[in-house]
Amino acid sequence: MTSRARLDEIVARLKKIQSEFEHEVDRLLEEKRQQFSYKLHRGRIIFQRNVRRWQRQQRTGLWQYLHSAPLPFILSAPIIYGMIVPLVFLDLTITIYQHVCFRIYSVPRVRRNDYLYIDRHYLPYLNLIEKINCVYCGYGNGLLEYSREIIARTEQFWCPIKHARRTPDPHHRTEKFFDYGDAAAWKENLEKVRSDWD
């Protein structure tokens, strides 16, 4: 068996395991919904009334929360929240970029709602500051996932070549890319890779 065939076999097994993993995660999420007495209805999270009341009782009051926070945490807040400016700028520019350029290249656009889930602020046991923190982190991390997929599709269209060395966490589209130095495959199959958006 050639190295390439062996690698293809491993990738196929990995995809199968990934599918099993996603199925198991969905099953576990459903178990957790039952365990913590909430359900999803038209995108909304609904807790049972008695559970919601109990969770509200677990909330730390704002004054107590601020009073117990270490001073360096409080002083670093403007630095942390100052990052909202470049994050919003990234969100705006990457969204405009994909809506303009992906139409030109016939690349399927990335659905922003598939990556930005902001839902932790619905938890009754979080106080206002904790809810704001959760919205901020959910937005920032979701935005980076959304941006990564847009950039990965751009790379797949323009330069689908693997690096000579493997990076620590390559995006999932990398497996479709040409081997570093394989000029023949680049010449023969570039258009095929450019249109493989599965």
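The values are calculated or read from the model by the stated rules, or taken from the named source; none is laboratory data. What you see is a predicted model; the values in this text were computed from it and never measured. Neighbour counts run over all protein chains shown; Cβ positions are idealised from the backbone, glycine included.
Here is how the numbers come out for the structure above:
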item: Unique residue being farther than 23 Å from A152 by Cβ, of a type outside the set (V, I, T) and surrounded by 13 or more Cβ atoms within 10 Å (Cβ to Cβ) when the list is Y125, Y81; result: Y125
item: Among residues of segment 159-188, those that are β-branched (V, I, T) and outside any helix (DSSP H, G or I), counted; result: 2
item: Residue identified as under 30 Å from E30 (Cβ atoms), among the hydroxyl-bearing types (S, T, Y) and modelled with pLDDT under 95 among Y115, Y122, Y65, Y146; result: Y122
item: Close pairs (7 angstrom Cβ cut-off, 6 or more residues apart or separate chains): touching a residue at least 12 places away in the same chain (Cβ under 8 Å) in segment 98-123, part of a loop (DSSP other than H, G, I, E, B) and surrounded by 15 or more Cβ atoms within 10 Å (Cβ to Cβ) anywhere; result: Q98/V110
item: Among the residues listed as P124, P160, the single one being more than 25 Å from L14 (Cβ to Cβ) and more than 18 Å from the chain's Cα centre (by Cα); result: P124
item: Residues satisfying the stated conditions in segment 176-191, i.e. among the basic types (K, R) and within 14 Å of Q156 (Cα to Cα); result: K176
item: Near pairs, Cβ below 9 angstrom, 6+ apart or cross-chain, from segment 169-188 (at negative phi) to any residue that is of a type in the set (S, T, Y) and loosely packed, with under 14 Cβ neighbours inside 10 Å; result: T174/T167
item: Subset of segment 106-121 [loosely packed, with under 13 Cβ neighbours inside 10 Å and under 17 Å from A152 (Cβ atoms)]; result: S106, P108, R111, D114
item: Single residue of segment 182-194 satisfying the filter (surrounded by 11 or more Cβ atoms within 10 Å (Cβ to Cβ) and either hydroxyl-bearing (S, T, Y) or over 17 Å from R4 (Cβ atoms) (or both)) that is nearest to the chain's Cα centre (by Cα); result: R194
item: Every pair of residues 6+ apart whose Cβ atoms lie under 9 Å, when the first sits in segment 64-87 and is under 22 Å from G140 (Cα atoms) while the second is modelled with pLDDT under 95; result: I74/L66
item: Selection within segment 2-40 - over 22 Å from T174 (Cβ atoms) and either touching a residue at least 40 places away in the same chain (Cβ under 8 Å) or outside any helix (DSSP H, G or I) (or both); result: F36, S37, Y38, K39, L40
item: Residue ranges of helices (runs of 4 or more DSSP H) in segment 41-153 with at least 3 members charged (D, E, K, R); result: 49-57
item: Single match in Y139, Y115, Y97 (criterion: of a type in the set (F, W, Y) and within 30 Å of N50 (Cα to Cα)); result: Y139
item: Verdict on V110 being more than 24 Å from L14 (Cα to Cα) and among the hydrophobic types (A, V, I, L, M, F, W, C); result: no
